[in-house]
1. Residue under question is residue 334, and the condition is that it be at pLDDT below 95 and surrounded by 16 or more Cβ atoms within 10 Å (Cβ to Cβ); does it hold?
2. When you check residue 232 against the structure, is it surrounded by 14 or more Cβ atoms within 10 Å (Cβ to Cβ) and either in a helix (DSSP H, G or I) or modelled with pLDDT of 90 or more (or both), yes or no?
3. Given 51, 73, which one is under 28 Å from residue 128 (Cα atoms), surrounded by fewer than 18 Cβ atoms within 10 Å (Cβ to Cβ) and of a type outside the set (D, E, K, R)?
4. With a cut-off of at least 1 residues that are under 19 Å from residue 192 (Cα atoms), name the strands (runs of 3 or more DSSP E) lying wholly within region 90-162.
5. Inspect region 292-304 for any residue being modelled with pLDDT of 70 or more, in a loop (DSSP other than H, G, I, E, B), polar (S, T, N, Q) and within 27 Å of residue 200 (Cα to Cα) and give the result as yes or no.
6. Please work out if residue 76 is touching a residue at least 60 places away in the same chain (Cβ under 8 Å) and not small (Gly, Ala, Ser).
7. Before we move on, is residue 46 under 21 Å from residue 96 (Cα atoms) and either of a type in the set (A, V, I, L, M) or in contact with a Cys (Cβ under 6 Å, 6 or more places away or on another chain) (or both)?
8. If you check residue 29 against the conditions, is it touching a residue at least 60 places away in the same chain (Cβ under 8 Å), within 15 Å of residue 194 (Cβ to Cβ) and either surrounded by fewer than 19 Cβ atoms within 10 Å (Cβ to Cβ) or in contact with a His (Cβ under 7 Å, 6 or more places away or on another chain) (or both)?
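The values are calculated or read from the model by the stated rules, or taken from the named source; none is laboratory data. Worth saying up front: this structure is predicted, and the values here are computed from it rather than measured. Neighbour counts are summed over all protein chains in view; Cβ atoms, including those assigned to glycine, are modelled from backbone coordinates with ideal geometry.
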Amino acid sequence: MPVKNRVQFSIAQPSYVRPGVAEIKTSGGFQSYGKDNAYPDYLLNIYFGSSQHQGIIQRKVDEIIGNGLISASQNPELTKFIEKCNNRGESLNDVARKCENDKEIFGGFAIQIIYSKGSTKESPEIAELYYVDIAKLRWNIDYTKLLYCKNWNKGATNLKTIKYNVYDPNDPTGTKIYYFSGTMTRDWYPIPAYIGSIPAIETAIDIANFNQNTLRNGFFPSISITFNDGEPTEDEKGYIERSITEKWGGTNNTGRILITYADKDGTGPKIEAIPQPDLDKRFAELKQSVIEDIFIGHRITDPAIFGLAVAGKLGGGNQYTQSYAIFQNVYVRPQRRITLRVLNLILEPIMADADLEVLDIEPINNVFGDEALIAANMGKSEIRTLLKKWGYIDSVDLPPGEKTMVETDISTGETNSDGSPKTEPLVKVTRPTVKLSKEEIRDILNQLEEDAAQSAIV
């Protein structure tokens, strides 16, 4: 009987080769980003495929961008540009967040700078600033131009690209692309900081995929099949192995029912179960190891600050505060400085005081763990000041009749020796601040705990 009519099964599996980051000159006139020019797509796929990996990156971006960009000197020109930096109505915060997201995923980012028509080296002027998807950019062969293409997978002969000049502070005219290739690159394309944990991220994706398909497909076929109708030729074996690899390979097909077809007058295949001792424990250990590797690759020393409970470790306010401070000092602030340095570098030629800074997101201080301390020492205005600082309320202002004593100055109608108006202090007394009750404090604490639980990523 022809081999194609045999049961198509083999335990042979193809070796998986992880995509590389090599740069290769192509006949299409550009440097490929990875051997197959699809390395950015690969990084995006693992980003969308792993909840832990994606959650860590999003939390990092939130911390780095914080409560948004500001002008440290309150420069009105810069403040206006922060509020709107292009004709799409995007703020500089919108652009910075997208760039930071790319930096965390790919290791670099790109910004499009459109100069005004009258811009010159002596009097540079930026009309607009846009985020550019770095995954859609490639360097030309001699690294002098950047090529933009919406889809690099169509083949070198069918690509529709737009050629851009690279940012040059000595030529503030036309349209330029600022390309930041990161701090780990060895050639021209960026390398993500978490590259060492990519195997663990892929494993986490496979585990989730395996578990999902095991449930969907009903059971796990840990079986061995022996054919009793003779040994096929090497070509026939190759065909069987290729067919089963295409049909059954990968975690997508775990747990599926295996259907066999034997010769009409021959002996059917012998099917035996393959024991899988302590399979549940092995998967639990593997999952824990994978999660640890992902956090290590992302330079997270304490997963608890990302909402992950660690077995055998008691949570505590002081420990959380210390771990959060370490994360801020060794990762968030250095990464933030990179982004601010690039933005200030672009804006410095057109603004005398390009001094962008970021408002920090402050962690909830553990003073809120002691209700008696709050009730005895803090008034409503003080508590509301902290809650506004942490982003829980929009205004510190209290309702009428609950304001503290306000000290103001009034004009006397006279002038000082320097010609400025002469004033004298006036204390305007209103009703004293009303202290919060323990019940009100408890409600605040419960709300903060609920918000913290909802922010957990795992």
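1. For residue 334, the condition - at pLDDT below 95 and surrounded by 16 or more Cβ atoms within 10 Å (Cβ to Cβ) - is not met.
2. On the way: surrounded by 14 or more Cβ atoms within 10 Å (Cβ to Cβ): yes; either in a helix (DSSP H, G or I) or modelled with pLDDT of 90 or more (or both): no.
Criteria not met by residue 232.
3. Working: 51 fails: under 28 Å from residue 128 (Cα atoms).
None of the other options fit; the residue is 73.
4. On the way: elements: 109-115, 126-132, 137-139, 145-148.
Of the strands (runs of 3 or more DSSP E) lying wholly inside region 90-162, those with at least 1 residues that are under 19 Å from residue 192 (Cα atoms) span 109-115, 126-132, 137-139.
5. Among the residues of region 292-304, at least one is modelled with pLDDT of 70 or more, in a loop (DSSP other than H, G, I, E, B), polar (S, T, N, Q) and within 27 Å of residue 200 (Cα to Cα), which makes the answer yes.
6. On the way: touching a residue at least 60 places away in the same chain (Cβ under 8 Å): no; not small (Gly, Ala, Ser): yes.
Spelling it out, it is not the case that residue 76 is touching a residue at least 60 places away in the same chain (Cβ under 8 Å) and not small (Gly, Ala, Ser).
7. Details: under 21 Å from residue 96 (Cα atoms): no; either of a type in the set (A, V, I, L, M) or in contact with a Cys (Cβ under 6 Å, 6 or more places away or on another chain) (or both): yes.
Answer is no for this residue.
8. Values: touching a residue at least 60 places away in the same chain (Cβ under 8 Å): yes; within 15 Å of residue 194 (Cβ to Cβ): no; either surrounded by fewer than 19 Cβ atoms within 10 Å (Cβ to Cβ) or in contact with a His (Cβ under 7 Å, 6 or more places away or on another chain) (or both): yes.
No.
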